[in-house]
Amino acid sequence: MEFSYTQEQLDLKEKLREFGERELAPILDKMDREAFYPLETVKKLGKMGMLGMPFPKEYGGAGLDYITYVMAVEEISKICPSHGVIVQTHNALCCWPIFTYGTEEQKKQYLPELLKGEKIGAFGLTEPNAGTDAAMQQTIAEDCGDHYRLNGSKIFISGGGIADVYVIMAMTDQSKGTKGISAFIVEKGFPGFYKGKTEDKMGIRGSLVSELVFDDCIVPKENLLGEIGKGFKVAMSSLDVGRLGIAAQALGIAQGAFDKTVAYMQHREQFGRKLSAFQAMAFEMAELETRIDASRLLLYKAAYIREKGLPETTESAAKAKLSCSSTAMDVTVKAVQFHGGYGYIKDLPIERYMRDAKITQIYEGTSEVMKLVISGKIFGKKAQKKEKEPVRLFQSVDELIQALADVKKDSIICAGGRGFKKTEELSLVEKLAKATGGTMAASRGAVAMGWAEEEQQVGLTGRTVAPDLYFACGISGMNQHLAGMKGSSAIIAINKNAKAPIFKEADYGIVGDVYEILPRLIEKWPYKK
């Protein structure tokens, strides 16, 4: 591996630095304040070849290698991390899967305009029920002969509503788990496809993140990307490439904040000396620069492995993202500290770097997921899995009550979700809580509908609970909710959908209508406190 830049790479770095200072720096404050998508400057980056970097010239790409690609994303992100993530999302998560899995017809139809930046690309995997656990997909793609009909939604989609072309994951067979996920190319303007809510984010405010809604969306049969049931592979392999880009973005954030801190320390005086003359601060800066350089080497190694097609692409990308994102967060926090009060106000860009850095530890796989990937390589994935007994399903309330005879019941929570249709119907859950001597709770969806109070919400955005018994009534089992109640000693699921994710986590359950089952359970509950 060569440790020096080629002249072409040096020229590109300088070209991007000049572009950043001329085109990006003047709009940073306004973009951060108003949260607008910088389409004009993104298009200019497209004309420079930055929206088609690691792709062959025959399709309109720049024909660059992956080391040059991550180097370019880093350089852009030093000045504007929002532009950095826009470039990487377009390249890695839209263009790459089409180039890798698309038919020749699909490549010829979509890549030329995408790679030249004439059209913007995006990627749709994350859902309300499927964040880190992508297998929890609930967007459905129904085969209707000459087309597919998509129904469902995606959230936190970078460029959602702005992009022209989307790579979307949807379930073509819900009974097969990840093997039932397929990938589709969806265009803006397809019937039944529209943008939902745009999120108000802490950082990276120029990269708009929105909900995508599919309401009987018609997708032509020829827009299936790759093979049926292979969408999970499309998504995961695309994320491997995406992690290189996010690592590069994080590295750019770290380097940008570091450079500005060096400049500040060289002119700021306290006690008659420059800050750079204080050994304690200088030594900390030495450690930070060492970490930045070490992270860059990990990133370049991962890019080299990707370029050569070596087998360890997944874990090397995970290591690079874990290291670079952690470095970005630590460097920016320290940069704010070294700037003192000036680091905390918006007159300087330092606090923005810190806000921008945090998301690099979350998207394209959280730092915890990166550690799972890496440790899975070290110890083997089977070593990480803890076997869970399958849910015990019962046909009647009497059978369920009998099964719970010897189960501890000192603390009970009864929670209701969107399986109910309106607020007064959720009173059934309240009655169950009263009958069992428990307390009432609710899912995020029920709270969002105004059916329950915020303090009753269980999940990542509510509270975490660990009762002896947890009744999940009409709750599908979105990942965020499961995270809040997995500590329960025993989980009882009541849902009419036998394939609801809640049953995978439950210990006991009844498949049926909550309107029929809850009144019987309330009437027959024998275990009084």
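Pop out the ³J(HN,Hα) list for the range 402-407 in order, Karplus 6.51 cos²θ - 1.76 cosθ + 1.60 with θ = phi - 60°, rounded to Hz; leave Gly and Pro as x.
5, 5, 8, 4, 9, 8
So what is the 222 nm mean residue ellipticity for the chain from helices alone, if each DSSP H run of at least 4 adds -39500 (n - 2.57) and you divide by all residues, rounding to the nearest 500 deg cm²/dmol?
After summing the helix terms and dividing by the residues of the chain, the value is -14000 deg cm²/dmol.
Just want the ordering: 476, 427, 295, from fewest to most Cβ atoms lying within 10 Å of their own Cβ.
427, 476, 295
Using +1 on the beta carbon of Lys and Arg, -1 on that of Asp and Glu, and nothing else charged, what's the dipole of the range 122-232 about the Cα centre, debye to 20?
Numbers: 11 positive and 15 negative charges, 60 e Å.
Here the range 122-232 has a charge dipole of around 300 debye.
Fewest Cβ neighbours within 10 Å first, please rank 132, 332, 360 accordingly.
So the residues, fewest neighbours to most, are 132, 332, 360.
Enter the angle in degrees (range 0 to 90, nearest 10) between the Cα long axis of helix 514-524 and the first principal axis of the Cα atoms of the chain, meaning the one along which they spread out most.
With both axes taken from Cα atoms, the answer is about 50 degrees.
Amide H neighbours of residue 127 under 5 Å, counting only residues 5+ apart in sequence or on other chains, H built in-plane at 1.01 Å?
155
If you filter the range 64-128 for GluC sites (Glu not before Pro), then keep DSSP loop positions with at most 15 other Cβ within 10 Å, what is left? Don't jump to the answer; show the numbers that get you there.
On the way: sites: 74, 75, 104, 105, 113, 118; in loops: 118.
Passing sites in the range 64-128 are 118.
In degrees from 0 to 90, rounded to the nearest 10, what is the angle of the helix 427-436 Cα long axis to the longest principal axis of the chain?
With rounding to tens, the tilt is 70 degrees.
For 414, 473, which order do you get if you count the other beta carbons within 10 Å of each Cβ and list the fewest first?
Exposure proxy ranking, most exposed first: 473, 414.
Based on DSSP, what percent of beta bridges with both residues in the chain are antiparallel, to the nearest 5?
If I count the DSSP bridges inside the chain, around 50 percent turn out antiparallel.
Too long at a 29 Å Cα-Cα cut-off: which of 358/496; 195/504; 15/116? Let's see the in-between values first.
Values: 358/496 39 Å; 195/504 31 Å; 15/116 18 Å.
Pairs exceeding the cut-off: 358/496; 195/504.
Along the charge dipole of the chain, pointing to its positive end and built from +1/-1 on Cβ of Lys, Arg, Asp and Glu, which listed residue (168, 428, 88) has its Cα farthest out?
Highest projection toward the positive end goes to 428.
Where a number appears in this text, it was derived from the coordinates with a stated rule and is not lab data. Every value quoted in this text rests on a predicted model; they were computed, and no experiment measured them. Here Cβ is always computed from backbone atoms with ideal geometry, including for glycine, and neighbour counts include all displayed protein chains.
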